[in-house]
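The values are calculated or read from the model by the stated rules, or taken from the named source; none is laboratory data. For clarity, every value in this text was computed on a predicted model and none was experimentally measured. Counting neighbours? That spans all protein chains shown, and the Cβs are built from the backbone with ideal geometry, glycine included. Accessible surface areas use protein heavy atoms only, side chains included; no ligands, DNA or RNA. Shrake-Rupley method; radii C 1.70, N 1.55, O 1.52, S 1.80 Å.
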Amino acid sequence: MLFCTQKFLFFFLIVFTVYWVTPWPRVRVWILLSASYYFYQSWNAELARIIFLTTVVDYLIARGMTTSARPMRRKALLLLSILGNIAILCYFKYANFFLDSLRQSLEAAGAKSSIPVLEIILPIGISFYTFEAISYTVDVFRGKIQAERRLDHFLLFVLFFPHLVAGPIVRAGDFLPQVHRRKVWGWPRMVVGGRLILLGLFKKMVIADRLALLVDPVYANPAGYESAVVWMAVVAYALQIYCDFSGYSDIALGCARLLGYRLQINFAMPFAASNIADFWRRWHISLSNWIRDYIYFPLGGNRASAVRGAFNLILAMTLCGLWHGAAWNFVIFGTLNGIYLVGHRAFRIVTKNMTALRRMLESTPGKLACIALTFLVFSLSLVVFRSASQPDGTTSFEQAGKMFRQLFVPSMGAGSPTPPVVFWTLLATVVIGHLIALRPNFLSDWNRLPAPVRGFALASFLFVTLILPPETSPQFIYFQF
Amino acid sequence: MALVAPRRRPARSEIFWTLGSFLALTTLFVVYVEVWHPEWYDREHQVRRELLNDRTAEAPDRPVVLVAGSSRVVVAFMPERLGPIRDKDGREALIFNYAHLGAGPRVNLIQLQRALRDGVRPMHLVCEIVSGMLHHDDLPVKEISLPEIGVLWPHSNKVRLVASSIGFRFNGVYRPRTALLRSVAPKWVTRSATDKDVALLALGGDDHWSRLDEPSEDEKKLLFKLAVIRFKSRMESYRLDPKLVGATRELMNICQRENIKLTMFLSPEDSRFRSWYRPGAEEVLLGFIEELRAAGVAVVDGRLWVPDDKFTDPHHVKTDGAEQFTDRLERELLRPLISGQIAR
């Protein structure tokens, strides 16, 4: 059940109505829980039972940690929870990746292998709720939060349908207090929720889905297109993945807000970042923060030597890449971004006392150049991320190689698979969207406009959102992770 | 833009103004489509209509013969294959495939009304009878404009008709969006929409659009399954729906009134399809055909005209089946009909 389908609209309208007409808070939790379970089992009922069971186990482990005074037992329980969650994640998501890599290594060494390929269905959103469960038990162990007493509240924390399949990755410390809090109908909340949903639908249905029509054919056969078109596809993919995922996140935040819950913002105008560190503070924020808090800091962060700090950063980002999927191109995407971050840190140290250079970089043209450079290097790393193996046996690396060759060796080929005017219009829309959202008083100014003007503008925006989507709408990119 | 909310009263006003404005915009848009561009609801008819208008404009004096029917006729009748056929006065007839996907008695009726409204007055209407569609025929609300609902009114369950029409127009912006873009911003029409667009030859024959010649095994299974879902149970509990019979009678009446010579035919079905007829179903169907003949309508039974190996699924033919069907239709129906040799 995709967010941008009529089926979800009816589902949500029913849940929303039943939820708000029910006066009993406990029953409301059950309504959301039942809706969330139904939402997930609409993809696969068996996997819904698995996620339900693993969540109950995490609940019991955390309760066990709270009731136990013995540190060793608490540690053992924590280990059990982490290893259990990671084992499930590895089985469903990474088993074939590891087996395949092992098989290739053995074959490269001249040995014969009969390692099987497992027939596994990847539970949708497994990476998201596994990380939520791990962060919960770790936070309970660290004493940052109390273990939740009520199973229904804990189940809702993990299964809450707006964030279940593609995040944001919610922290128990943020979410569980909200489950306890009594929800009161409020018009301002409805406005915020509605605006977020509208914005998310526009990003997904109009921008991301339309850009996919340019990106997909070019990435499938880069050698067939001229260099300028391949460059367009590289930029288009950066915009597509941003609008697809941030669109999903906006709809998730909007739905949650309409039900009285606040989820963490997942994107904060990432393409306005003037360096790669700033970029990762704005891109998929809930994952970046998770990696920082539960991998990078425990590894020692940057408190140790510079070399160790760089190693920690690259390792954390490599795992961040691996989180996206069981394939080497994701690993390399993560490592590459880790190297970018280390490079940026080194640059800052080296240029610390170069006042003239700093002043130049802080000027408007300097900032614009930095923003463009950040966008460029991130977009190029996405070439590795996006390149997939082809039915003809071409590996994802060979495919990425073809992309880079077309990018940097001027070549002839077919023109753009979609009219260039569509690409330029969508690019301009994203840029203008960033510029508008970055204006400091934009929201206050907007809220001061007369209600009929705001209402008509939003209705027109919805109208355009319904007219411009392409005939075919691919599912959200981040569902596969 | 999204995360700072206005205060309570302005927030409530914003929601009501948004909903109200959207309702107003949608209503305006629906009215615009209904009044000025009803063809946006039915792309297939739009393409056929433009082709037919072009052909009739090229030679206004040619007698027009429209061959109407369902997807079976869309794929099976190839008018471009026909040699010149002349009427008694020696004029060469313009024979046009005027079929429509999913057409049963009600869509056939609407198609005739559309032709008349466009100023096309055929000399002959050769119309298919799909036996299963006299038992049940899906309400064609997605393809018709509001005034055309009036055509369906006497021949439909009125509650269902009203509910489906309103439900469809509730989503009145999203559905005709491609037609709108085609008209105002053609560069924004996607390639998939263009690739799947209705592709017809000059006389309305299928130009590799809906006919499938070499389906994969999966496609074959799917097509068979669809045919089973749509027709098997209808044929196993076969009876005539009075409303659909009524639509056919109205078609006859209009033809009589407008002096259009109506001829009907049963289109090819393979042996699997024919095995679905319940015992006694054939008699029910033949009884209806006798009734038509008694009313002066010639009816030809073409169900056995194409052998099983020339079918894609139980009731749609491949290209070689279409050629065979077209040749036989020409020989046994069109040529004698147009030249005035079929006794009515």
**Report entry** C-alpha center-to-center spacing [region B:275-303, region A:251-269] in angstrom
**Finding:** 62 Å
**Report entry** Rounded percent of accessible protein surface that carbon and sulfur make up, region A:127-220, 1.4 Å probe
**Finding:** 58 percent
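Nearest-5 percent of antiparallel DSSP beta bridges in region B:61-186? Numbers along the way, then the final one.
On the way: 1 of 9 bridges.
Around 10 percent of the beta bridges assigned by DSSP in region B:61-186 are antiparallel ones.
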Query - Phi-based couplings in Hz for region A:411-418 (Karplus 6.51, -1.76, 1.60; Gly and Pro marked x) - result: 9, 8, x, 6, x, 4, x, 10
Query raised in the report: Mean residue ellipticity at 222 nm from the helices of chain B, using -39,500 (n - 2.57) per DSSP H segment of n ≥ 4 over the full residue count, to the nearest 500 deg cm²/dmol?
Result: -14500 deg cm²/dmol
Query raised in the report: With every protein chain present, what is the per residue accessible area of chain B (1.4 Å probe, Å²)?
Result: 46 Å²
Report summary line: With DSSP loop assignment and no more than 15 other C-beta atoms within 10 Å, the trypsin sites (Lys or Arg not before Pro) in region A:303-366 are A:Arg303, A:Lys352
Query - Nearest-20 debye value, chain A charge dipole, Cβ charges on Lys, Arg, Asp, Glu - result: 1980 debye
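Give me the dipole magnitude in Debye, nearest 20, for the protein assembly as shown about the Cα centre, with unit charges on the beta carbon: positive for Lys and Arg, negative for Asp and Glu. Please report the intermediate quantities before stating the final value.
Numbers: 95 positive and 69 negative charges, 952 e Å.
Result for the protein assembly as shown is approximately 4580 debye, rounded to the nearest 20.
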Report summary line: Row for chain A, column shape: gyration tensor on C-alpha, a ≥ b ≥ c, rounded if a/c < 1.5 i.e. under 1.5, prolate if a/b over b/c, else oblate; value rounded
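May I ask for the net charge around A:Ile197, where only other residues with Cβ less than 13 Å from the Cβ of A:Ile197 are counted and Lys, Arg are +1 while Asp, Glu are -1?
Values: positive: A:Arg189, A:Arg195, A:Lys203, A:Lys204, A:Arg257; negative: A:Asp250.
Charge balance near A:Ile197 sits at +4.
Taking square-rooted eigenvalues a ≥ b ≥ c of the alpha carbon gyration tensor, is region A:24-183 rounded, prolate or oblate, where a/c under 1.5 means rounded and, failing that, a/b exceeding b/c means prolate? Intermediate values should be presented prior to the final figure.
Working: a/c = 2.96, a/b = 1.58, b/c = 1.88.
The shape class here is oblate.
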Query - region A:168-203: trypsin sites (Lys or Arg not before Pro) falling in loop per DSSP and having at most 12 other Cβ within 10 Å - result: A:Arg181, A:Arg182
Query raised in the report: B:Leu116: accessible area at probe 1.4 Å, nearest 10 Å²?
Result: 30 Å²
Query raised in the report: Can you tell which of A:Val409, A:Asn447, A:Ala87 lies farthest toward the positive end of the dipole of the protein assembly as shown, using +1 and -1 charges on the Cβ of basic and acidic side chains (Lys, Arg; Asp, Glu)?
Result: A:Asn447
Query raised in the report: What distance in nm separates the simple spin-label points at B:Leu146 and B:Ser339, each placed 7 Å from Cα in the Cβ direction?
Result: 5.1 nm
**Report entry** Contact order relative to length of region A:97-215, as percent, for alpha carbon pairs under 8 angstrom and 6 or more apart
**Finding:** 22 percent
Report summary line: Any aspartates and glutamates whose Cα falls less than 20 Å from that of A:Lys75, other than same-chain ones fewer than 8 residues away, would be A:Asp58, A:Glu132, A:Asp139, A:Glu148, A:Asp293
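Taking only protein heavy atoms into account and a 1.4 Å probe, give the accessible area per residue of region A:189-480 in Å². Before the final figure, lay out the partial values.
Details: 12040 Å² over 292 residues.
On a per-residue basis, 41 Å².
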Query raised in the report: In percent, how large is the relative contact order of region A:189-480, given Cα pairs closer than 8 Å and 6 or more residues apart?
Result: 28 percent
Requested in this report: Quick one: dipole size for region A:241-333, taken about the Cα centre, charges +1 on Lys/Arg Cβ and -1 on Asp/Glu Cβ, in debye to the nearest 20.
Outcome: 260 debye
**Report entry** Most positive-pole-ward Cα, B:Val73, B:Thr326, B:Leu180, against dipole of chain B from beta carbon charges
**Finding:** B:Leu180
Query raised in the report: Mind checking how much accessible area A and B bury in total, 1.4 Å probe, in Å² rounded to 100?
Result: 3800 Å²
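Restricting to bridges with both residues inside chain B, how much of the DSSP beta-bridge set is antiparallel, in percent to the nearest 5?
Working: 4 of 22 bridges.
The answer is about 20 percent antiparallel.
With an 8 Å Cα cut-off and a minimum separation of 6 or more residues, compute the relative contact order for region B:191-320 in percent.
Working: 110 pairs, mean separation 41.5, N = 130.
Relative contact order of region B:191-320: 32 percent.
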Query raised in the report: Under the rule of -39500 (n - 2.57) per DSSP H run of 4 or more residues, summed and divided by the residues of chain A, what mean residue ellipticity at 222 nm is obtained, to the nearest 500 deg cm²/dmol?
Result: -22500 deg cm²/dmol
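Would you mind telling me the antiparallel percentage of the DSSP bridges in the protein assembly as shown, rounded to 5?
Numbers: 4 of 23 bridges.
That works out to approximately 15 percent antiparallel.
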Query raised in the report: In whole Å, how far is the Cα centre of region A:191-242 from that of region B:163-217?
Result: 23 Å
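Accessible area, 1.4 Å probe, largest first: how do B:Leu51, B:Leu109 sort?
B:Leu51, B:Leu109
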Query raised in the report: Against the longest alpha carbon principal axis of chain B, how many degrees, from 0 to 90 and to the nearest 10, is the axis of helix B:158-170 turned?
Result: 50 degrees
Requested in this report: Report the one residue of B:Gly83, B:Ser237, B:Ser145 whose Cα lies farthest in the direction of the positive end of the charge dipole of chain B (charges on C-beta: Lys and Arg +1, Asp and Glu -1; origin at the Cα centre).
Outcome: B:Ser145
Report task. Give the accessible surface of region A:24-183 per residue, rounded to a whole number of Å², with probe radius 1.4 Å and ligands, DNA and RNA excluded. Result -> 48 Å²
Report summary line: Straight-line reach check, B:Lys88, cutoff 29 Å on alpha carbons, 8 or more apart in-chain or any other chain, hits among lysines -> B:Lys261
